[in-house]
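**Student:** Take a look at this one; I'll ask things after.
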Amino acid sequence: MLNKQLISKVIGSLLVLESAFMAICFFVALLYRSSDLWPFLFSLLITAGVGVTLARMGKEAPTMMSRRDAYVVVSLTWITFSIFGSLPYLFGGFFGKFDLFHPQETWMVTTNAFFETMSGFTTTGASMLDDVESQLNSHQAMLFWRSLSQWIGGLGIVFFTIAILPSMVGNSMKVFSAEATGPIRSKMHPRLSATAMRIWWVYLVLTVLCGICYGFAGMDWFSAVNYAMTTTATGGFSIHNNSIMYFNSPSIEYIALIFQYLSGINFSMLFMVIAMRKLNSWREFKLSVRNKWGDFFSNEEWRFYTSMVVVCSLIITVLLIFNNGYDMETAFRKSTFQVVSMMTTTGIYCDQVGAWPRVTWMLLCILMFIGACSGSTTGGFKSSRALMILKVMRNEFVRMMHPRAVLPVKINGKAIPSSLVHSLMAFFAVYIVACIGTMALMMAIGNNVTNSAIISLSCINNVGLPLNEIGPDMTWSSMPLYIKWVCTSLMLLGRLEIFNVLILFTTSFWKDN
């Protein structure tokens with residue numbers, strides 16, 4: 001049976017943590033004297049009150065968590081965080097007036113607020129705001145909350161808790177497995193909490209460096225902090241209608257490109273490269289650096305990810321030069337930016353992609369589906385899975401010629417267990433069915449094939465593309481309410497990698513044994 005007391009304790013503690021993040025936004029409202037002061041005060045008091053109550057209810061709970069408890073905790077946490085995270089939007093009238101005497105309008109406002117919050121925490125970046133710049137003069141704290149929500153969700157809400165509250169849950173590896181992205185889990189330390197803390201330090205350092213670079217490149221510091229959080233989270237929320245295009249600055253585009261690319265690399269790998277231990281001689285230092293960089297450059301997933309970026313960028317660069325008349329530097333910058341943005345599932349634009357040759361749309365959609373590396377802040381299918389499928393396909397061709405050959409699937413020289421390969425194929429099948437099913441639903445309500453495909457890929461891959469960039473003019477806010485709830489569910493499915501949520505709807509999960 002479920003350990004309800006422990007689940008209550010964990011979710012309560014997480015809500016207290018969420019109220020602390022709301023307190024940061026409260027101080028932002030004080031700093032800018034914005035109209036968000038009272039909405040954030042009410043929200044953080046309610047969130048903290050519920051959190052403390054739930055935590056006290058589970059005060060005497062045993063700390064050891066079963067695998068079943070872990071799946072329930074992770075799914076409930078993301079839903080609960082999004083429910084309470086939408087309170088500032090509701091109290092502040094960010095999406096309209098919340099009036100209980102007008103149920104239809106209240107339902108629309110609630111839907112938009114929950115959609116925006118879930119889009120933030122899952123780093124999808126699809127927004128209900130068609131004119132975000134209109135909020136800049138009076139809702140600075142709300143805009144900061146949108147960006148902060150993406151930064152919190154970048155590596156995972158529960159994963160963040162494991163880093164700062166390691167004693168709260170025993171057997172936390174099961175929780176990590178229920179939330180982590182990708183088929184292969186990386187550990188740098190015997191204790192998961194130490195691993196989580198190190199990865200979060202990498203994440204924090206990347207964010208700070210990105211913000212500093214944005215500031216020196218010409219952004220005001222409020223914009224720099226917001227864009228730094230959404231860039232390293234590969235989320236895509238922006239405080240301007242045209243996102244990075246608003247600044248019309250090649251240097252800012254290059255900075256965004258570089259930090260999106262870095263955020264698409266496995267953070268465990270990044271830590272192993274930059275971490276230094278005490279060495280006794282210059283020779284030991286050189287040997288250590290050589291070994292670290294050797295391991296980094298020989299990593300097959302990173303090589304696949306980088307190769308896809310390089311090859312697709314070169315193809316699109318050539319197409320833009322010959323089809324659209326771009327000069328060499330502009331074509332290279334725009335193409336590489338969009339390739340990295342799509343493959344890291346950030347989903348921001350630096351050019352009018354709708355005017356590009358249509359073959360580039362197909363390339364970008366493929367990259368959006370594949371995604372970057374496991375263990376990063378990105379969504380998508382993940383490069384490691386795509387690489388494994390390619391190796392399975394290659395092995396099948398060889399097996400046709402040599403039926404008795406033993407052909408294990410190897411990644412970085414290590415054989416992948418057959419159980420993991422079978423799980424991969426099942427995941428791939430469900431992923432495709434979910435994409436096709438969403439496309440069919442979107443076409444059934446009157447959307448064309450292009451927009452249906454974009455909506456499907458955007459939600460389940462956590463990309464959140466602006467729908468009016470490619471195809472007919474359409475926005476997320478213009479969709480029917482029930483479709484918004486479908487898209488919200490798909491965002492959660494994509495972020496928690498489908499099976500971790502769908503398992504809750506199986507009968508075997510709820511059996512006592």
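**Student:** Classify segment 356-513 as rounded, prolate or oblate from the Cα gyration tensor: take a ≥ b ≥ c as the square roots of its eigenvalues, call it rounded if a/c is under 1.5, otherwise prolate when a/b beats b/c and oblate if not.
**Tutor:** oblate
**Student:** To continue, here is another question. Under a plain spin-label model, where a point goes 7 Å from the Cα along Cα-to-Cβ, how far apart in nm are SER138 and LYS4?
**Tutor:** 4.5 nm
**Student:** Amide H neighbours of ILE411 under 5 Å, counting only residues 5+ apart in sequence or on other chains, H built in-plane at 1.01 Å?
**Tutor:** Those lying under 5 Å, H to H, from ILE411 are ILE416.
**Student:** Here is a further query. Work out how much length ILE212 to MET57 would gain on full extension: take 0.36 nm times their residue separation and subtract the Cα-Cα distance, in nm to one decimal.
**Tutor:** 51.5 nm
**Student:** Right, something else. I'd like the Karplus ³J(HN,Hα) series for segment 415-427: coefficients 6.51, -1.76, 1.60, θ = phi - 60°, whole numbers in Hz, and an x wherever there's a Gly or Pro.
**Tutor:** Each residue's phi maps through the Karplus curve to give 5, 7, x, 4, 4, 6, 5, 4, 4, 4, 5, 5, 4 Hz.
**Student:** A follow-up question, please. Through the Karplus equation 6.51 cos²θ - 1.76 cosθ + 1.60, θ set to phi - 60°, convert the phi angles of segment 220-234 into ³J(HN,Hα) values in whole Hz; use x for Gly and Pro.
**Tutor:** Once rounded to whole Hz, the list reads 5, 5, 5, 5, 4, 5, 5, 5, 5, 5, 7, 6, 6, 7, 6.
**Student:** Roughly speaking, what is the stretch gain from LEU314 to ASP327, that is 0.36 nm per residue apart minus the C-alpha to C-alpha distance, in nm to one decimal?
**Tutor:** Result for the pair: 3.3 nm of gain on full extension.
**Student:** Which order, highest average first, do 132-143, 252-263, 33-44, 375-386 follow once you tally other Cβ atoms within 10 Å for each residue and take the mean per peptide?
**Tutor:** Per-residue mean Cβ counts within 10 Å order the peptides as 375-386, 252-263, 33-44, 132-143.
**Student:** While we're here: Calculate, for ARG399 and ALA426, the FRET efficiency according to 1/(1 + (r/R0)^6) with r their C-beta to C-beta distance and R0 25 Å; round to the nearest 0.05.
**Tutor:** With R0 = 25 Å, the Cβ-Cβ based efficiency is 0.80.
**Student:** Based on the Cα atoms of segment 1-97, what semi-axes does the equivalent ellipsoid have, where each is the square root of 5 times one gyration tensor eigenvalue, given in whole Å with the largest first?
**Tutor:** 30, 13, 9
**Student:** If packing is taken as the average count of other Cβ atoms within 10 Å, what order do 407-413, 349-355 fall into, highest mean first?
**Tutor:** The packing order, highest mean first, is 349-355, 407-413.
**Student:** Per-residue ellipticity at 222 nm for the chain, helices alone: DSSP H runs ≥ 4 residues times -39500 (n - 2.57), over residue total, nearest 500 deg cm²/dmol?
**Tutor:** After summing the helix terms and dividing by the residues of the chain, the value is -21500 deg cm²/dmol.
**Student:** Taking a ≥ b ≥ c as the square roots of the eigenvalues of the Cα gyration tensor of segment 356-406, is the shape rounded (a/c under 1.5), prolate (a/b larger than b/c) or oblate?
**Tutor:** oblate
**Student:** Quick one: what do you get for the chain if you divide its Cα Rg by 2.2 N^0.38 Å?
**Tutor:** Output field value: 0.97.
Read-outs: derived from the displayed coordinates by stated rules, not from any lab. The shown structure was predicted, so the numbers you read here are calculated from the model rather than taken from an experiment. Glycine also receives a Cβ, built like all others from the backbone with ideal geometry; neighbour counts cover every protein chain displayed.
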